[in-house]
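Structure in structure tokens, see below.
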Amino acid sequence: MGYTIGQKLIKSHLVSGEMIPGTEVGIRIDQTLTQDATGTMAYLEFEAMGVERVKTELSVAYIDHNTLQTGFENADDHRFIQTVTKKHGIYYSRPGNGICHQVHLERFGKPGKTLIGSDSHTPTGGGIGMLAIGAGGLDVAVAMGGGTYYITMPKMVRVNLTGKLSPWVAAKDVILEVLRIMSVKGGVGKIIEYGGEGVKTLSVPERATITNMGAELGATTSVFPSDEVTKAFLKAQGREEDWTELKADEDAVYDEVIEIDLSALAPMAAMPHSPDNVKSVTEIGQIKVNQVCIGSCTNSSLSDMMKVAAILKGKTVHPNVSLAISPGSMQVLNMLALNGALSDMIAAGARILESACGPCIGMGQSPNSAGVSLRTFNRNFEGRSGTADAQIYLVSPEVAAASAITGVLTDPRTLGVAPVITMPDHFIINDSMVIPPATPEEAPSVEVLRGPNIKPFPVSEAMGEEISASAILKVGNNITTDHIMPAGAKILPYRSNIPYLSKFCFAQCDPEFSERCQKEGKGIIIGGANYGQGSSREHAALVPLYLGIKAVIAKSFARIHCANLINAGIIPLTFADESDYDKITQGDMLVLPDIRSRIEKGEEVTLKNTTTGEEYKLCYEFSQRQKDMLLAGGLLNYTRENAKK
Ligand code: MIC
Ligand code: SF4
């Protein structure tokens with residue numbers, strides 16, 4: 001039996017386990033990336049491990065999230081990351097150089113390699129045939145130290161592409177269609193692999209848009225073959241030698257096959273407040289638009305920007321619309337400036353932002369009250385934009401630019417002939433904003449500079465014999481890590497200050513949550529299905545840990561968050577019978593009797609509700625390693641214990 005691309009990539013990096021879906025496999029990591037909102041913590045954790053120099057082939061730290069700098073905090077964190085990376089062998093991409101995933105694709109990613117990044121959209125690298133996975137900061141720290149990265153061996157899904165996209169229909173519409181079919185839970189435990197005749201009609205930036213937003217499916221990752229198109233892209237980036245071919249075997253077997261005829265797709269939008277709430281633009285109709293934002297790691301490539309510029313050329317942004325554009329990287333922005341496209345955007349009235357995440361993570365550009373904002377981004381969770389009642393629609397650059405001119409949600413096919421954008425033979429290459437690390441000889445003399453906003457991170461204790469605490473919070477389905485630990489301009493600067501962040505934990509769901517935790521000192525969270533979807537931020541585990549959360553009992557968990565909980569020493573458990581969820585009321589007193597010995601021995605775990613007198617069966621699927629980690633009180637304790645042995 002032949003292998004899929006995903007299986008080939010795992011096989012060539014396999015350190016432990018067998019490639020049986022649902023069981024744990026350990027893989028060797030070639031490259032890592034961090035961004036600044038998760039990076040500060042990741043490097044503090046790396047320092048705590050006591051490794052002098054990274055053991056990966058390449059590790060890069062990007063500064064792209066916290067770039068508003070409304071106080072000293074961001075700049076201090078940047079300086080910390082710049083100095084700590086210099087000391088430990090990591091490349092540092094300065095603020096202004098661009099969004100981590102865009103820059104990594106342009107300058108560093110290599111087909112056939114493994115990459116983990118402390119950001120959920122790391123699968124962007126799958127666009128050039130990498131096994132690129134989003135992970136918690138601590139997992140990235142461990143990988144930088146040469147440690148193995150563990151995943152549950154995923155099932156393989158093949159998305160078979162036929163035909164060719166029609167004019168005005170974009171890669172964004174492909175992934176929106178996949179989201180419509182599979183939902184935000186549909187990719188959990190799976191690798192989404194693209195294949196078929198349609199693949200060769202898609203450029204690398206188009207493929208990267210699709211693998212990027214595969215994160216919203218909850219998938220482990222998404223991947224395209226590495227072919228002649230990939231080779232041409234790398235050649236244009238001056239990196240032809242980084243190319244290797246990668247394709248699925250003819251007789252590879254998939255667990256699931258989805259057929260998509262590219263020619264049949266139409267422009268689409270994900271409506272508020274979920275990336276899978278997808279309808280065609282014509283179906284939604286011509287709703288009035290207040291804001292349009294173009295950019296983010298999903299849609300900020302040179303070709304996306306060139307399309308936008310061509311649509312805007314000679315036009316003026318509608319008087320009721322504010323149009324903000326953030327090109328994805330210095331390379332993109334510089335090329336737009338040189339070829340005149342930037343001038344077309346400016347003349348049309350676009351507000352040009354720096355090459356960074358910006359509005360995508362609520363760093364400025366919050367819409368007006370109840371405002372409708374069309375964004376080329378990947379997430380439209382409630383409140384993420386910074387305006388609680390804003391209505392965010394996720395669309396392609398084509399739909400965004402067309403609507404910015406008309407002032408209403410517009411099917412770009414009504415605009416006439418679509419612009420044809422060809423990929424350049426050569427991108428402008430200027431890596432001056434990437435600072436290489438110190439040599440091993442120089443490294444000892446590099447001083448790591450820390451600002452006063454950097455506070456120690458919480459470390460859990462070994463698991464006790466019994467847990468007894470109240471159901472301190474009960475939440476519904478699809479709770480995102482943005483609910484658990486919101487981002488945005490006011491809070492993001494405190495990503496290295498857990499005590500301060502804790503005030504905002506679950507603030508959107510229950511403003512009293514944090515205070516209640518402080519009062520009770522401990523608690524158990526009750527969650528619905530797909531608990532912890534979205535971002536990789538380990539703060540969504542570290543802050544609850546700080547607040548005394550001992551366990552989360554949910555209908556099901558999202559992959560990265562579940563791993564982050566275990567890393568933090570918080571026990572993730574699921575209901576054996578989902579209807580038991582309904583029997584628990586917030587405030588009920590709960591007991592997990594003999595939890596330690598039961599997990600140790602692999603026995604059934606029960607939950608006693610002493611308020612109602614009921615008992616519920618719970619499930620867990622921990623590997624031996626995860627059990628040991630939980631018993632030790634998280635990954636750091638576990639690593640320290642192992643080091644002692
Ligand atoms: C996001 O898009 O939510 C982020 C901000 O990039 C996060 C990381 C973070 O919370 O810092 C992600 O996707 O992992
Ligand atoms: Fe940045 Fe948005 Fe991409 Fe996250 S999704 S990395 S915030 S651009």
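No value in this document is a laboratory result; all are computed from the given coordinates. It should be emphasised that the depicted structure is a prediction, and the values quoted were computed from it without experimental measurement. Don't worry about glycine lacking a Cβ; one is built from the backbone with ideal geometry, like all the others, and counts go over all protein chains shown.
Report, for segment 1-96, the % of DSSP beta bridges that are antiparallel, rounded to 5.
Values: 2 of 9 bridges.
About 20 percent, rounded to the nearest 5.
Follow-up. Mind checking which lysines have their Cα closer than 30 Å to the Cα of Lys503? Skip sequence neighbours fewer than 8 apart in that chain.
Cross-link targets: Lys185, Lys455, Lys474, Lys490, Lys519, Lys522, Lys550, Lys555, Lys583, Lys608.
Follow-up. Starting from the Kirkwood Rh over alpha-carbon pairs, what translational D in µm² s⁻¹ does segment 354-461 have by Stokes-Einstein at 37 °C and 0.692 mPa s? Please report the intermediate quantities before stating the final value.
Details: Rh = 18.9 Å.
Estimated via Stokes-Einstein, D reaches 174 µm²/s.
In whole Å, how far is the Cα centre of segment 370-437 from that of segment 293-335?
Their Cα centres are 7 Å away from one another.
While we're looking at this one, here's another question. Arranged by the count of other C-beta atoms within 10 angstrom, fewest first, what order do Arg495, Arg413, Arg559 take?
Fewest-to-most Cβ neighbours within 10 Å comes out as Arg413, Arg559, Arg495.
I'd like to know how segment 43-88 sits against the 2.2 N^0.38 Å rule of thumb: what's its Cα Rg over that expected value?
Numbers: Rg = 12.0 Å, N = 46, 2.2 N^0.38 = 9.4 Å.
Here the answer is 1.27, to two decimals.
Another question, then. Along the positive direction of the dipole of segment 439-584 (beta-carbon charges: Lys, Arg +1; Asp, Glu -1; about the Cα centre), which of His561, Asn477, Ser460 reaches farthest?
Going by the charge dipole, the pick is Asn477.
Right, here's the next one. Highest mean first, how do 450-459, 505-514, 92-101 rank when packing is the count of other Cβ atoms within 10 Å averaged over residues?
Working: 450-459: 16.2, 505-514: 17.9, 92-101: 25.2.
Ranking, from highest mean packing down: 92-101, 505-514, 450-459.
Along the charge dipole of the chain, pointing to its positive end and built from +1/-1 on Cβ of Lys, Arg, Asp and Glu, which listed residue (Gln586, Ile549, Pro499) has its Cα farthest out?
Pro499
Which percent, nearest 5, of DSSP beta bridges in segment 505-639 are antiparallel?
Working: 9 of 19 bridges.
Restricted to segment 505-639, the bridges split so that about 45 percent are antiparallel.
Please work out the C-alpha center-to-center distance from segment 35-49 to segment 188-237 and express it in whole Å.
Value for the Cα centre distance between the two parts: 29 Å.
So how strong a dipole does the chain carry about its Cα centre when Lys and Arg Cβ are +1 and Asp and Glu Cβ are -1, to the nearest 20 debye? Don't skip to the answer; put the middle values down first.
On the way: 59 positive and 71 negative charges, 188 e Å.
Charge dipole, the chain, about its Cα centre: 900 debye, nearest 20.
With the Cα gyration tensor of segment 10-141 giving a ≥ b ≥ c as the square roots of its eigenvalues, does the rule (a/c under 1.5 for rounded; else a/b larger than b/c for prolate; else oblate) give rounded, prolate or oblate? Kindly include the intermediate steps, with their values, before the conclusion.
On the way: a/c = 2.09, a/b = 1.59, b/c = 1.31.
Prolate shape, in that a/c is at least 1.5 and a/b is the bigger ratio.
Mind checking which lysines have their C-alpha under 21 Å from Lys110, skipping anything on the same chain fewer than 8 residues away?
Straight-line reach from Lys110, under 21 Å: Lys8, Lys11, Lys55, Lys200, Lys231, Lys235, Lys247.
Something else: Calculate one ³J(HN,Hα) per residue across segment 10-24 by plugging θ = phi - 60° into the Karplus curve 6.51 cos²θ - 1.76 cosθ + 1.60, and present them in order as whole Hz with x for glycine and proline.
Along segment 10-24, the couplings run 5, 4, 6, 10, 5, 10, 8, x, 10, 7, 9, x, x, 9, 7 Hz.
Once fully extended, how much extra length lies between Leu68 and Lys200, figured as 0.36 nm per residue of separation less the alpha-carbon to alpha-carbon distance?
Going from the current span to full extension adds 43.6 nm.
Could I ask something else about it? What ³J(HN,Hα) values, in whole Hz, does the Karplus curve 6.51 cos²θ - 1.76 cosθ + 1.60 give for segment 242-248 when θ = phi - 60°, with x put for Gly and Pro?
So the Karplus estimates, Gly and Pro as x, are 7, 7, 9, 7, 8, 8, 6 Hz.
From the P(r) of the chain, could you give the percentage of C-alpha pairs in the tail past 42 Å? Intermediate results must be reported in sequence, preceding the final value.
Values: 40740 of 207690 pairs.
Percentage above 42 Å: 20.
Give me the dipole magnitude in Debye, nearest 20, for segment 229-322 about the Cα centre, with unit charges on the beta carbon: positive for Lys and Arg, negative for Asp and Glu.
Working: 9 positive and 14 negative charges, 228 e Å.
In debye, rounded to 20, segment 229-322 gives about 1100.
Could you tell me how far the Cα centroid of segment 585-645 sits from the Cα centroid of segment 465-498, in Å?
For segment 465-498 versus segment 585-645, the Cα centre distance is 20 Å.
Hey, another quick one. Peptides 302-310, 573-581: what's the order by average Cβ count within 10 Å, highest mean first? Intermediate values should be presented prior to the final figure.
Working: 302-310: 25.7, 573-581: 16.7.
Top to bottom by mean Cβ count within 10 Å: 302-310, 573-581.
Answer with one residue from Gly488, Thr56, Ala170: the one whose Cα lies farthest towards the positive end of the charge dipole of the chain, charges on Cβ with Lys, Arg +1 and Asp, Glu -1.
Working it through, the farthest residue towards the positive pole turns out to be Gly488.
Of the listed peptides 484-490, 356-362, what is their order by residue-averaged count of other C-beta atoms within 10 Å, with the highest listed first? Numbers along the way, then the final one.
Working: 484-490: 21.6, 356-362: 26.7.
Highest-to-lowest ranking by the protection proxy: 356-362, 484-490.
How large is the helix-only mean residue ellipticity at 222 nm for the chain, computed as the sum of -39500 (n - 2.57) over DSSP H runs with n ≥ 4, divided by its residue count, in deg cm²/dmol to the nearest 500? Before the final figure, lay out the partial values.
Values: 21 runs with 184 residues, N = 645.
Value at 222 nm, helices only: -8000 deg cm²/dmol.
Under 14 Å between alpha carbons, and skipping anything fewer than 8 positions from Lys279 in its own chain: which aspartates and glutamates qualify?
Cross-link targets: Asp173, Glu177, Asp411.
With a ≥ b ≥ c the root eigenvalues of the C-alpha gyration tensor of segment 407-450, is it rounded (a/c under 1.5), prolate (a/b larger than b/c) or oblate? Mind dumping the intermediate values first?
Numbers: a/c = 8.28, a/b = 2.68, b/c = 3.09.
Verdict is oblate for segment 407-450.
Okay, next question. Out of all DSSP beta bridges with both ends in the chain, state the antiparallel percent to the nearest 5. Mind showing how you got there, number by number?
Details: 29 of 86 bridges.
Roughly 35 percent of the beta bridges in the chain run antiparallel, per DSSP.
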